[in-house]
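To start, the structure itself, in structure tokens.
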Amino acid sequence: MSDQQVDQGKRTWLIATGVAGAVGGAATAVPFVSTFSPSERAKAAGAAVEVDISAVKPGEKLTVEWRGKPVWIVRRTPEQLEALKKNDPQLADPASARTAYPTPEYAKNPARSIKPEYLVVVGICSHLGCSPSDKFVAGPQPSLPDDWSGGFLCPCHGSTFDLAGRVFKNKPAPDNLEVPPHMYLSDTKLLIGEDKKA
């Protein structure tokens, strides 16, 4: 055997072990590096959620999840917006002044929204955490007043909310539905969980 053949064998061995070491190092690094990206649990705990609202028609509701809670996006009709005005005398907190759920400044208006057409609220009753049902149709219905103008009914204890998420007086729910921080990225994209551009 010549010296050249021995060197060739060593070279092959060194290359093979070097490649195996690199593959092993990469296999070890990938799980380690992946721990730096947020887990699904971390995302659910507070990451903002981007929502496409282009398919939501007037009078319809879209439900998305943010922080493990249902967030309702309701596209109100002009008639539904007009009906909100007559509710004020019957509401416990028409101006969203209570601070149990601090209402963002951009939602301290009669529609409780950035764009009057769209309502964005957390779909959890402020009484015991039940999820109210949609009762968008106006008029007399079981468990609702005869002059019902549309909104939400919590079936657990009978709390009612108008289509701005405001609770009616003398109901078990102490507060309006929560308005989460949100902002529009475009006319059809909504970001829930953040309301300040970085």
Fill in the blank from the handout: Cα-based Rg then Dmax for the range 42-192, in Å, read 14.5, 45
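Looking at the range 94-184, which trypsin sites (Lys or Arg not before Pro) are in a loop (DSSP not H, G, I, E or B) and have at most 16 other Cβ atoms within 10 Å?
R98, K108, K169
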Handout entry: Above-threshold pairs, the threshold being 25 Å between Cα atoms, out of K69/K196; K171/K196; K85/K189; K57/K196; K86/K189
Key = K171/K196; K85/K189; K57/K196; K86/K189
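Throughout, read-outs are computed from the coordinates displayed, never taken from laboratory work. These numbers were taken from a predicted model, which means no experiment stands behind them. Counting neighbours? That spans all protein chains shown, and the Cβs are built from the backbone with ideal geometry, glycine included.
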